[in-house]
Every structure is written in structure tokens, then in C-alpha cells.
Amino acid sequence: MMQDHVAPLRLRLDGDALVANWRWLAGRSGSAACGAAIKANGYGLGARGVMARLTRAGCRDFFVSNWGEAAALEPSLEPGVNLSVLHGVRREDMAQALASRARPVLCTPEQIARWGEAGGGACDVMIDTGMNRLGLDWRSDFAPQLQGLDIRTLMSHLASADEDVDLNRLQRDRFASIRDAVPAQRYSLANSAGICRGDAYHFDLTRPGLALYGGVPVDEAADHIRPVVTPQAQILQRRRLIAGDSIGYNATFTATRDHEVAILNLGYADGYLLGFSGRGAAMAGATRLPVLGRVSMDLVAVDVNDAPDLAEGDWLDIAYDLREASAASGLSQYELLTGLGPRYDRVWA
Ligand SMILES: *Cc1c(COP(=O)(O)O)cnc(C)c1O
């Protein structure tokens, strides 16, 4: 969405790639329905834009973390589309939750009691099968507590789906036993990586996040998942370094020859964190323009000696292949996406 004010940095978002990624994940989910995790503002892309495009493509199940996120999305929730709030309901959330079309994913005995006493109606439930994060302990006697609840989706979450380890099979088997013991409309276990583990992990509904947005959760997905996000930053100044000049905070780069640099409007406050210092790059077509020196809060310098035509006011793509950028910066693919802050214009193509 373009505002009157044009920011000096933007995210180019490829809506076709987003939808293609969802379709691939839906295909890999077999007979299970494929939802979408859009918490953390759609992993940094903008949750409303993501939800609108995936709803149009046929997605009917969305997941956010908390009720602030749900409130922002509810006005644009189409009829027949489900929105689940993964962190359940705190006391502070009850008034909103009772009036909302979104459903809480009840995680604790306290939440279940609170929801039941308030006559809350349809809900989801999270069972912890071994991650020991949110959810009712799979070893506890939870079935009696759940009696009488209108459970739409009973879910659990895999701790290590991106690795081939025994814990995946253990969690799946525990979840399958729970499915046989607790009535619910649907059962859901797999995130992006879990979808790639195969049919035994799909149950009725899958919940990808990362891979929708171009993240590659396991190697086999690399040939199928398309990049969605390209950060772009504007050149604010072009300048000449003379051999011996240093650049940026703490002078971590010193020029050994005379050459030209461009100062871009992008910094660690925009999620372009210090790990990219001396390791990231901008792109001018196929030409790589390496980051020189330390990333500042709002600025970064790149070498433009091989790009003589670039001038103040021009825009550059930032190299942001999620796996390569992760290796270069030491940040996870999740951090690379969710750190993309509010200062970018988000422009869907
Ligand atoms: C974030 C989240 C997902 C999506 O996970 P990805 O690894 O991004 O695919 C699915 N389920 C739950 C409970 C989550 O918290």
C-alpha cells in the first residue's frame, strides 16, 4: 500500500511467489487442509496483505500469537475463514475473545476453566507432546478437563521437524494416541518442516509459516520454494574513499586504494543487523556490491566502484536469499524475516 510519503526503504513482496509456495505446501499436505501462520505481522511481510492473498488462493485457516494481532486482522477476515490465537486467553483477553470471531487455542488448565465458565463456545486446544513450550502436558490427565468443550482443532507442535530425529516420531505417535482419545473436529501437528516429513505428520490441517515466505525449512524444499521478500534501499549519498580512509563506526574497514562507496538508507533498526557488517551485499543487476565496515542503526555503506552509473536517489536490491543471508549474518531465516521493521514501505508486486 503506497502512502503519500515514500519511505527511503521498501520491501518488494512477490504475491505470486507467496501463493505458489502455499500451493506447493498444500499439495505436500496431501488430503490435509493447509493453513498459514501469520503471526509477527505475517513474519514481517504484513499480515493483512498475506491473509488477503492467501484467502483468495483458498486458504481458510490462519494462526496468530496474541489478541492484539487478532484484533488487527478481524475486520478483514472473510466469512468462513478461521483465525486461531495460539497463545490462548489470558484473563486480560477474555472480553475481546468472547466478542471475537477468532478462537483461542487453549493451552493450560486455567485457560480451559476460564473459557468453560464464561461459556466461550468454539475453541482450539494445544497439547504439548514433548517440546515443553505451550500446551497441556501429554502425560497429564487432560481428557476429563476437555469434556464438554467444542473443540474445532486439537493441535500439537513439533520441536525438531527440521531435523531427522526420533523426537519427531515420538511426538507424532503421542499425538496419534491423543487423537484417538479426545474428540475434535480436526487434528493438526505439522509446521513447514513437518509438512516435508511426510503423510504420517499431516493429520487434517497443516500450519506452515516460514516456507510461505520463502524460507527453506529442509533441503528438499529448496527447489520448490520461491523467494517472496526483497528489501530495497535508496542511495542517500555517493562518495569517494582515498586510500587510507576508513568508513563507519569504529573504522573497521580501511580503503587500500581510492574507490567509491554508496551510503544506503538501511540499518540494524530495520532488521539489517550487525552480523551483515563486512558480510552482506547490495545488488546492481548481477553485480554484487559488498557491505563495507559496520552496519549503523539507519545506514550502511556498500562498494560501488564497479557500478559507476549508480547515483544518489537510485534504489538497490539487498542480497536476501534467506539461506545465504542466514549463513552470512548468523541470523536464522526466521529472524531475517520477522526483524523487518515498520519503516519499510511494503509493496506487493
Ligand atoms: C509459528 C508456528 C507455526 C509455523 O511454523 P513454521 O516453522 O514457521 O512453519 C506452526 N504452529 C505453531 C504452533 C507455531 O507457533
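The values are calculated or read from the model by the stated rules, or taken from the named source; none is laboratory data. Quantities reported herein were computed from a predicted structural model and do not represent experimental measurements. Quick reminder, even Gly has a Cβ in these numbers, built from the backbone with ideal geometry, and neighbours come from all protein chains shown. What goes into the accessible areas is simple: the full protein's heavy atoms, side chains included, and nothing from ligands, DNA or RNA. Shrake-Rupley method; radii C 1.70, N 1.55, O 1.52, S 1.80 Å.
Here are the numbers:
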quantity	calculated
Under 13 Å, Cβ to Cβ, from L54 - net charge with Lys/Arg +1 and Asp/Glu -1	+3
The chain: antiparallel DSSP beta bridges as a percent of all, rounded to 5	50 percent
Cα shape, region 1-100, gyration tensor, a/c 1.5 rule	oblate
Computed over region 84-167, the ratio Rg/Rh where both radii use C-alpha atoms and Rh is Kirkwood	1.01
Nearest-0.05 FRET efficiency for D137 and E92, computed from C-beta distance (R0 25 Å)	0.55
Rounded Å value of the spacing that divides the Cα centres of region 82-139 and region 245-312	47 Å
Surrounding net charge for L134, when Lys and Arg each add one and Asp and Glu each subtract one, Cβ distance under 14 Å	0
Nitroxide proxy distance, nm - points 7 Å out along Cα→Cβ at A286 and Q237	3.4 nm
3J(HN,Hα) from dihedral phi, region 174-190, Karplus parametrisation 6.51/-1.76/1.60, rounded to Hz, x for glycine, proline	4, 5, 4, 5, 5, 4, 6, 9, 10, x, 8, 5, 9, 10, 9, 10, 8
Amide proton proximity set for L136, modelled H, under 5 Å, gap of 5+	M126, I127, D128
Charge dipole of region 203-299 about the Cα centre (unit charges at C-beta), most positive-ward option of L273, I242, L210	I242
Sites D166 and D16, calculated FRET efficiency, Cβ-Cβ separation with R0 41 Å, nearest 0.05	0.60
Region 121-186: Rg to Rh, with Rh as the Kirkwood radius over Cα pairs	0.98
Sites D223 and A349 - FRET efficiency at Förster radius 25 Å, r taken between beta-carbons, to 0.05	0.65
Debye equation applied to the C-alpha atoms of region 266-324, log10 I(q)/I(0) at 0.16 Å⁻¹	-0.46
Sulfur and carbon atoms: percent of accessible area, the chain [1.4 Å]	48 percent
Average accessible area per residue (Å²) across the chain - probe 1.4 Å, nucleic acids and ligands excluded	45 Å²
Calculated [θ] (222 nm, deg cm²/dmol) that DSSP helices of n ≥ 4 give over the chain, each run adding -39,500 (n - 2.57)	-7000 deg cm²/dmol
Scattering profile of the chain at q = 0.10 Å⁻¹ [log10 I(q)/I(0), Debye over alpha-carbon scatterers]	-0.67
Charge context of A282, other residues only, Cβ under 11 angstrom, K/R +1, D/E -1	-2
Packing rank of 141-152, 301-312, where each peptide gets the mean count of other beta carbons within 10 Å, highest leading	301-312, 141-152
